[in-house]
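Encoded as structure tokens, the structure appears first; notes follow it.
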Amino acid sequence: MSLLKAFPGLCILASTAFAADPLPVAHWSFDGGKLEIGKAEGGVVFGQEGPSPKQFKDIPANNKAALFSGAKGSFIRVADPGEKSLFDFDNGDSITIEAWVNPASAPKGGNVYILGKGRTSNPGQEANNQNWGLRLWDSGGFLRPSFLFRSRKDGDHAGDWHRWTTTGGIAAGSGWHHVAVTYEFGKPETIRGYIDGELAPGAWDMGGATKQAPVVDNDEVWLGTSMGRKESVSFDGLMDEVRLYRGILPEKTIAARYPVLPYTPVLPEGGLPKDKVRVEIVENIGKAAKWPRQYPAPVDVYEEDVFGFFQIAQKYTDTGVRAARSNPYLLRAMAEVTLPAGKQELLMRVRGHGRLWMDGKVIGEILFGNTGGGAHNEVEHAEAERTGPALRLLGPGDRETRITIKSDGKPHVYVFEMIAGNGRVRTTLGETSLSLRTADGQQVLFTPSERAVPLTDEGWDAYRKERLAFYTQLDQQRRIALRAKEDGFWATRHAEAKKVIAAKPALKNAEGIDALLAASWAKANAASAKAAGGIDFEKQIKPILAENCYRCHEEKAKGGLRLNTLEAAQKGGDSGDPAIVPGKPAESRLISAIHPDAGDDLMPPKGDPLSEAQRKVLADWIAQGASYASAGKKIEPAPLTDDLEFLRRVTLDTVGVVPSAEEVAAFLAEDSPQRRERAIDRLLNDPRRADHWTAYWQDVLAENPNILKPSLNNSGPFRYWIHEALSDNLPMDRFVTELIMMEGGVLAGGPAGFSLAAQNDVPMAAKAHILSTAFLGQEMTCARCHDSPYHQSKQRDLFEMAAMLNRKEITLPETSSVPMSTFAGRKPLIEITLKPGEKVSPGWPALFEKTLMADEKAAAPHKSSDSRAQLAALITSPHNGRFAQVIVNRVWKQFLGRGFVEPVDDWEASKPTHPELLEWLARDFVAHGYDLKHLERRILTSEAYQRRPRPLEKGATPDFAAPLPRRMTAEQIVDSLFASVGKNLDSEELTMDNDGTQSESAMISLGHPRRAWEFTSLSNERDRPSLAIPKAQIIVDVLENFGWRPSRQEPKSVRETAANVRQPAILANGALGRWVTTLDEKSAITALALDEKLSDAQLVDQIFLRLLTRHPTEAERNSFAALISPGFKERIIPEGKRPSPVKLPPLKYVAWSNHLSAGANSIKIELEKRAREGNPPTTALRPEWRERLEDLLWAVLNSPEFVHLP
């Protein structure tokens, strides 16, 4: 830049100064690679690219800037020349500070300095001596220019802070911006702020506006930091052309500083797509609450059919996990459309700030709506009335305007733009649309094609459902393309894992699930036959052990000893001596420990000692070989299920709902020996599989979002990452790695949501506990505060793992330890080997080094220098056999009702019942790239899975000759109720901010649920009726009664499945039962009833197939046919004689923004009433006959058979 010397060491940019403007007293241009004034410290980097003529028309070429590092506290210091220097400003003096800034980041809530005098923390200077300063304050996601000074002590005035901040701001990472402030000290009304050449409104706070004089002293002027170079106040990014003036620059001069061409939307090279709407998403648009003067390039581009937007494509990181979009972002949709000649009327609806361009000119605009007023905004909204025949009611928080144009019948380019979010409120779209009024008065969504989507309730609902499927597919395509960039790394990892498995010693009888089970049955049967005539373990030995030993030595392992299997008893405990030596009672520690001569070591330690008769039978049993087999008991495998039993079970186990009528018909029509295998393959590739398994991993990983105050002791909604990972069939080692890396958007649905644990003194300790139980089968609950008394884990083990997640050492807080004063006067029951204040470095816990594998056996880490990546590589290493076995054990339990190891999340509690089969499945799983679908297929195609269930005798070891009887999960029950009658799950949006007026830190939305896994707790802080979500609450009530947890504060692998009296009551008498049994227009059973070709018996058959996946017995068919036969032939009312459908008047919306206003409660009470009643029944069937058919549905759906797997 061309420079003129103002006085020695100080200079100005001549080309942008007007003749009457004040000259700067200090100017940092950063051209030429050296400073005009001052000294740079902390690694300021010169010669960086500054604002360029490509962006700004009057900027000279080769303009340079300086890079400041916030982490290093980079800055420039300038010594004050002394009393009454040009840097001293007192009352009556005017100041202007301006700068070009390109901030890369800012500490949350921080105030980063551009230029200021005082408050340096230099020796000999007052601590709070801020003479003046221009800062950027991070507030609401934006950096807002902020002017700060301290008034000096004067008489009774003790001095105070005075800060003026603009209401608008700029976004970090959004490129170059010009900021400026002008002020005459002593006249607070003269303050002015500017962003990108435009006047920016603002307000005084702290001590408020004042006429008091500022502090004036001889402290230094610092550029880029303050307060001793604290990171929280240090600028991070690029700066250029920083100027300080003794005077006020005129508004026209500052406006000229940001010389950009007037904005008009730019069409893509090659033109717009034919018959399609081009959609562009532009992020980091810079300023809050107004149209920017220039825009970055779109970050996402795709095509739509019409101008209707309720969501946009998801944003993903480079690794394919969900990320957060900037707040705000711009939605831009453009198309070339030909309208009929003549007067045309368009209806524009937006949630944010919207406008419509036609051939480069704005023809309609809607400003941002009111987002203030707390919770007392008015419920009544005049603009919410219907404005046309059958027109869909304007959505909550949306606004609309009508635009009249005169069409010449020729094609024109229409560009629709909307800013979503304003930096404070969430980035929501509502029901944003542009529609055209047709000749008959209807509104149809604007489109360049022949497609017609009416803007009615039915039209929008159908469009929404269709576009949800479109976005699901679009997002998956984009996600998989991003993940493909790392496929090579994972292919190499899996090839190495396959080599590790191949190098292991071969297994005996490794011929598959059924062969290994058959071999175990043969061995057990032989042992049982051998035990016949001797001492019977089940009848004579087990009762003694259960009464006297198992409390400490079965699931628990006190002293490291378990007695529930012969292998465990032979291994012994911490002493190293075997508890049982078959054939040698004298060498068996169990016999010596129960003898009265054992003294202080007598077992059991409490209660009566064993009688002489009990001691003798135990000794005789050991002398006979200590067989744990039951004498004479033979294992007989259960028969296989029939085809329809199999189809119902496998459909529920894979996709989580009962099979549809179409699926039943297709399965029965296939006459092939492979039809079961083909059904399995079809179901494993069904998109609904992800819905089913997401619910399981939500429990295991303690996914715990909340729609109100989402960071308050909750996790983020990483459910969406779980679902997408399962949809993409992510290999399990990659799944775990992505989870542990915790990347993406915390509240956007990425695995970063797993990291959230507000109000937790060591969040990563909580996450380490979840990971250890989920993937290593190591229970560490007690180790959160002390060493585990009944497990091997020490507190240090947990915190070493936590430190790896934390990426740095952790200091143990006092709140994570038990004070020894708790045990005053008595012996502690626990050990505390990690003291408060101790620092724990990241590392593979010693426990895992001992029990799982050495840390040098880790797989290749995803990022070698990242301790999170190292932890993931250790957990998922093929040398760590526990990881694969835990996953296998979990899936096996889900399919057969019990794991090889129980509990599945605590492997210290017991040993595998079938170690050979577990090892074979685990090796097969690893050798096939940790592919969950492959593992599922292995189990589902086995005879072991396909056998009919039978209960396990109490205390018996499972032999897997039959699966255990199972009840549907809560999610399966709810989803199957809707699916069996052909209805979609019906619920409101899961949010209390349905008008989009609240910040993301206060509230989030979990969308409109399609499946039961998408629900969450609906509680609000004061149980206010006006915040109820009535339909969703009805579904949640059913889920909770069947074991679903609305809040998952802790991980849980097994839910409560015991029957209780509430379960049949809520299905039989609750609103959800009424919804699914009512024959309304959306019920598939209504369609069956209107099929005139069906007889009453055939209708009963079809209903049984839909609801129970079987044909009725003859008695059932006759009984139910008799119920519906009266009036069967006359059941259908001719179309011309049917009464008009009942249509209730629409109600005003209630959201957080108006829930404390008059009328809010009464509206919600009416909504709850409507929710309980459900949809009105069809008018096509005679009521008296319809009610009998509804009774039939009610009876079948409430039978125990419906909720239990065959």
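The values are calculated or read from the model by the stated rules, or taken from the named source; none is laboratory data. Every value quoted in this text rests on a predicted model; they were computed, and no experiment measured them. Because the Cβ atoms are built from the backbone with ideal geometry, glycine has one as well, and the counts that use them run over all protein chains shown.
Couple of notes before you dig in:
- Restricting region 1035-1052 to residues that are in contact (Cβ under 8 Å) with a residue 40 or more places away in the chain and under 19 Å from the mean Cα position of the chain (by Cα), the residue that is surrounded by the most Cβ atoms within 10 Å (Cβ to Cβ): Trp1044
- Being assigned by TED's automatic domain parsing to the domain that holds Ser105 and surrounded by fewer than 23 Cβ atoms within 10 Å (Cβ to Cβ) holds for only one residue in Gly175, Gly169, and it is Gly175.
- Those residues of region 742-763 which are assigned to a helix (DSSP H, G or I) and either small (Gly, Ala, Ser) or buried (at least 23 other Cβ atoms within 10 Å of the Cβ) (or both), in sequence order: Pro751, Ala752, Gly753, Phe754, Ser755
- Number of the exception - Pro543 against (1) buried (at least 16 other Cβ atoms within 10 Å of the Cβ); (2) free of Cβ contacts under 8 Å to residues at least 12 places away in the same chain: (1)
- Test: residue in region 184-200 that is on the phi < 0 side of the Ramachandran plot, of a type outside the set (A, V, I, L, M) and modelled with pLDDT under 95: yes
- In region 275-287 there is at least one residue matching the filter, namely being within 37 Å of the chain's Cα centre (by Cα) and either surrounded by fewer than 16 Cβ atoms within 10 Å (Cβ to Cβ) or farther than 30 Å from Val362 by Cα (or both).
- Residue within region 116-128 that is closer than 26 Å to Leu249 by Cβ, assigned to a loop (DSSP other than H, G, I, E, B), more than 42 Å from the chain's Cα centre (by Cα) and acidic (Asp, Glu) present: no
- Scanning region 136-170 for residues being in contact with a Leu (Cβ under 9 Å, 6 or more places away or on another chain), of a type in the set (Gly, Ala, Ser) and closer than 16 Å to Glu126 by Cβ gives a total of 0.
- Subset of region 708-731 (residues that are aliphatic (A, V, I, L, M) and touching an Asp or Glu at 6+ places or on another chain (Cβ under 8 Å)): Leu708, Ile722, Ala725, Leu730
- Within region 75-84, one or more residues are buried (at least 24 other Cβ atoms within 10 Å of the Cβ), out of contact with any His (no Cβ under 6 Å at 6 or more places or on another chain) and over 12 Å from Leu143 (Cβ atoms).
- Pairs meeting the criteria (first residue in region 1143-1170 and among the polar types (S, T, N, Q), second residue part of a loop (DSSP other than H, G, I, E, B) and at pLDDT 90 or above, beta carbons under 7 Å, at least 6 apart or on different chains) are Ser1153/Asp995; Ser1153/Thr997.
- Subset of region 474-515 (residues that are surrounded by 13 or more Cβ atoms within 10 Å (Cβ to Cβ), closer than 20 Å to Lys315 by Cα and not basic (Lys, Arg)): Leu474, Asp475, Gln476, Ile480, Leu482, Glu486
- Flag if Arg1106 is surrounded by 18 or more Cβ atoms within 10 Å (Cβ to Cβ), more than 24 Å from the chain's Cα centre (by Cα) and of a type in the set (Lys, Arg): yes
- Filter result for Ile59 (β-branched (Val, Ile, Thr) and in a strand (DSSP E or B)): no
- Listed by position, the strands (runs of 3 or more DSSP E) inside region 195-242 whose residues that are over 25 Å from Leu67 (Cα atoms) number at least 3 are 198-200, 202-206.
- Criterion violated by His494 - all others in (1) more than 39 Å from the chain's Cα centre (by Cα); (2) modelled with pLDDT of 95 or more; (3) of a type outside the set (D, E, K, R) satisfied: (1)
- Just one of the listed residues (Glu724, Glu779) is of a type in the set (Asp, Glu), more than 25 Å from Lys911 (Cα to Cα) and in contact (Cβ under 8 Å) with a residue 60 or more places away in the chain, namely Glu724.
- Number of the condition not met by Met418 [criteria: (1) surrounded by fewer than 22 Cβ atoms within 10 Å (Cβ to Cβ); (2) under 19 Å from Asn327 (Cα atoms)]: (1)
- Conditions (1) surrounded by 22 or more Cβ atoms within 10 Å (Cβ to Cβ); (2) in contact with an Asp or Glu (Cβ under 8 Å, 6 or more places away or on another chain); (3) under 22 Å from Ile285 (Cα atoms): number failed by Arg332: (1)
- When Ala858, Ala854 are checked against the criterion of being within 22 Å of Gly777 (Cα to Cα), without any contact (Cβ under 8 Å) to a residue 24 or more places away in the chain and crowded, with 16+ Cβ neighbours inside 10 Å, Ala858 stands alone in meeting it.
- Filter result for Ile622 (more than 19 Å from Gly982 (Cβ to Cβ) and modelled with pLDDT under 95): yes
- Enumerated helices (runs of 4 or more DSSP H) restricted to region 794-910, each holding at least 1 residues that are of a type in the set (Asp, Glu): 795-806, 846-851
- Restricting attention to region 600-642, the residues being charged (D, E, K, R), under 30 Å from Gln946 (Cβ atoms) and buried (at least 17 other Cβ atoms within 10 Å of the Cβ) number 1.
- For region 1001-1017, a tally of residues being surrounded by fewer than 23 Cβ atoms within 10 Å (Cβ to Cβ) and more than 11 Å from Ala1032 (Cβ to Cβ) returns 7.
- Qualifying residue in region 85-94 (condition: assigned to a loop (DSSP other than H, G, I, E, B), under 42 Å from the mean Cα position of the chain (by Cα), of a type in the set (S, T, N, Q) and surrounded by fewer than 23 Cβ atoms within 10 Å (Cβ to Cβ)): no
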